Amino acid sequence: MTHNARRSGKLGFLGLSGNAAVCIALFPLWSIPYSFYFFYLSLYMRADGVSNSQLGSLMLIGSAASVVAAILSAPIVDRMGRKRSTLIFDLISSAAPCFIFAASGSFLFSFAGMILSNMNKIMSVGYYLLMTEDSSDDEKLRTFNIFNIILVAAGLLIPATGGLVEKYGVVKTERIFLLISGVSMTALAFIRNRLTKETTTGLAIMEKEKGRPLDFAGLIKPYIDSIKYLASHPVSLATALANILFYVYYIVGTNNSLYFTPFFGDALGLNARQTSIAGALYSAGMLAAMLIINPLARKRGVVSNATWGALLCASGAILFIAAPRNSAFVWAIAATAVSALGFGMLKSAVDAAIVIKSEGDTRAAVYATANCLSSLIGIGAGFLCGALYGRNPRSIYIISLVLLAAIPLCFAAASHAEKRASRRAQR
């Protein structure tokens with residue numbers, strides 16, 4: 001394949017083409033190191049003196065930073081373009097925090113690292129649109145499913161890292177993971193930027209925005225347009241609400257929570273090796289959902305898949321809440337397996353739904369609005385987690401259960417609105 005063929009977006013990979021193929025082919029350079037370092041990040045912070053309540057403060061700080069990033073994301077992505085914004089904010093929010101965390105796990109350094117890492121609200125809007133905006137709806141679904149498969153597959157190696165932590169200690173091992181991650185993510189950002197091209201919609205919006213100052217009116221205009229669009233499109237509104245609730249759950253009750261790894265020891269009394277097995281099982285369950293369940297259920301649509309995924313996640317949360325310490329490992333395995341299967345279904349469906357159920361010119365703004373609101377709610381969730389975890393570690397799954405119960409209601413509303421619109425169109 002020639003250099004020109006790659007630059008024109010003709011690369012094919014796993015049945016994908018163009019930007020989607022490039023982004024998916026290179027994604028392991030991010031997902032593998034991230035899976036390793038994030039699993040032990042909260043334990044690394046605690047080893048450097050960060051308390052349980054300070055972990056909650058860091059979640060709150062991260063959510064506050066992500067609110068600012070989410071507000072800025074739509075105008076930045078529209079003016080800079082999907083490609084350039086992805087490059088710049090991937091370096092800021094993915095690579096730079098690794099080097100900061102590696103320097104120290106203290107609260108001060110963790111504070112700085114969390115602020116930068118939550119700038120990924122800008123990067124994620126640019127990246128998801130760069131990856132999928134020029135694709136068909138079916139290719140969007142396949143792209144997000146493969147993306148999530150790659151994201152979780154590295155977690156299957158976590159038990160091997162548990163042995164390294166026991167041998168060398170969490171601080172030394174985590175610093176090595178962080179340094180490797182920083183180098184890998186830096187290389188990825190530049191290689192992907194070289195091989196991708198700006199999307200058709202991105203070029204059109206950049207041309208329209210050229211010369212317009214980024215003043216207060218320009219900053220809030222995408223959100224005003226987004227709110228107007230959502231108010232007149234009930235299917236998109238219900239889908240966006242489900243996305244908002246999911247991403248609050250994402251930072252509270254999944255393996256992306258700072259409390260996920262400590263929970264197994266604090267609430268269930270598991271040791272480091274048992275905890276690493278549970279972490280690998282979480283990845284294996286998500287992988288099974290994405291490889292087996294999601295392709296089989298694709299014809300049922302994103303609404304049905306997301307609803308069933310939310311119900312499975314809620315069942316897993318109930319098992320975590322009810323797990324007794326005297327047989328904790330068995331309960332942990334059961335709860336982790338159910339939660340992981342549900343999460344694998346839910347994440348792929350939610351990620352695809354918000355892109356599919358919104359339209360070209362408003363897509364970035366809808367995405368950014370959902371990110372902003374999930375971050376705002378995440379501030380309250382982070383405060384609750386910090387206040388309640390020390391008293392009862394199972395509180396994070398009680399909060400998760402409330403969030404998960406609301407997601408099927410949102411998708412039921414979306415389905416009802418879609419059927420009503422279809423009946424009107426037939427008249």
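Quick notes on this structure:
- The range 389-419 - residue that is among the charged types (D, E, K, R) and over 21 Å from ASN243 (Cβ atoms) and, of those, surrounded by the most Cβ atoms within 10 Å (Cβ to Cβ): ARG394
- Only one of the listed residues (ALA381, ALA310, ALA328, ALA387) is within 21 Å of TYR259 (Cβ to Cβ), in a helix (DSSP H, G or I) and at pLDDT 90 or above. That residue is ALA310.
- Filter result for the condition that a residue is among the basic types (Lys, Arg) and within 16 Å of the chain's Cα centre (by Cα), over LYS121, LYS83: LYS121
- Hey, GLY56 outside any helix (DSSP H, G or I) and either modelled with pLDDT under 85 or not hydrophobic (A, V, I, L, M, F, W, C) (or both) or not: no
- Options LEU219, LEU245, LEU203; residue that is in contact with a Cys (Cβ under 9 Å, 6 or more places away or on another chain), of a type in the set (A, V, I, L, M), part of a helix (DSSP H, G or I) and touching a residue at least 40 places away in the same chain (Cβ under 8 Å): LEU245
- When every residue of the range 397-418 is checked against the conditions, none turns out to be without any contact (Cβ under 8 Å) to a residue 40 or more places away in the chain and either in contact with a Phe, Trp or Tyr (Cβ under 6 Å, 6 or more places away or on another chain) or hydroxyl-bearing (Ser, Thr, Tyr) (or both).
- Among the residues listed as ILE61, ILE88, the single one being surrounded by fewer than 23 Cβ atoms within 10 Å (Cβ to Cβ), under 20 Å from the mean Cα position of the chain (by Cα) and under 19 Å from ARG192 (Cβ atoms): ILE88
- Residues that are at pLDDT below 85, surrounded by fewer than 18 Cβ atoms within 10 Å (Cβ to Cβ) and either under 28 Å from SER276 (Cβ atoms) or among the β-branched types (Val, Ile, Thr) (or both) do not occur anywhere in the range 19-30.
- Here GLU174, GLU166 are screened, and the one residue that is under 13 Å from PHE38 (Cα atoms), of a type in the set (Asp, Glu) and out of contact with any strand residue (DSSP E or B) (no Cβ under 8 Å at 6 or more places or on another chain) is GLU174.
- Considering residues of the range 257-304 that are in a loop (DSSP other than H, G, I, E, B) and modelled with pLDDT under 85 only, the residue farthest from LEU384 (Cα to Cα): GLY301
- Condition check for THR336: assigned to a helix (DSSP H, G or I), in contact (Cβ under 8 Å) with a residue 40 or more places away in the chain, under 28 Å from LEU230 (Cα atoms) and β-branched (Val, Ile, Thr): no
- Within the range 286-333, the set of residues being of a type in the set (Phe, Trp, Tyr) and without any contact (Cβ under 8 Å) to a residue 40 or more places away in the chain comprises TRP308 only.
- Where a residue in the range 169-189 is under 23 Å from THR86 (Cα atoms) and its partner, wherever it lies, is outside any helix (DSSP H, G or I) and among the aromatic types (Phe, Trp, Tyr), with Cβ under 9 Å and at least six apart: LEU188/PHE27
- Which numbered condition ALA102 fails, given (1) closer than 26 Å to ALA370 by Cα; (2) at pLDDT 95 or above; (3) among the small types (Gly, Ala, Ser): (1)
- Single residue of the range 84-102 satisfying the filter (of a type in the set (A, V, I, L, M, F, W, C) and in contact (Cβ under 8 Å) with a residue 60 or more places away in the chain) that is nearest to LEU203 (Cα to Cα): LEU87
- Residues of the range 110-164 satisfying the condition of being part of a loop (DSSP other than H, G, I, E, B) and not polar (S, T, N, Q): MET119, GLU133, ASP134
- Test: residue in the range 176-197 that is more than 15 Å from CYS98 (Cβ to Cβ) and touching a Gly at 6+ places or on another chain (Cβ under 6 Å): yes
- Filter result (closer than 20 Å to ASN256 by Cα and modelled with pLDDT under 90) within the range 390-420: GLY390
- Residue in the range 66-83 that is under 19 Å from THR186 (Cα atoms), in contact (Cβ under 8 Å) with a residue 40 or more places away in the chain and either of a type in the set (A, V, I, L, M) or in contact with a helix residue (DSSP H, G or I) (Cβ under 8 Å, 6 or more places away or on another chain) (or both) present: yes
- Restricting the range 64-82 to residues that are touching a Gly at 6+ places or on another chain (Cβ under 7 Å) and surrounded by fewer than 24 Cβ atoms within 10 Å (Cβ to Cβ), the residue that is farthest from ASP134 (Cα to Cα): PRO75
The values are calculated or read from the model by the stated rules, or taken from the named source; none is laboratory data. Small disclaimer: the values here were computed from a predicted structure and weren't measured. FYI the Cβ positions are ideal-geometry reconstructions off the backbone, even for glycines, and counts take in every protein chain you see.
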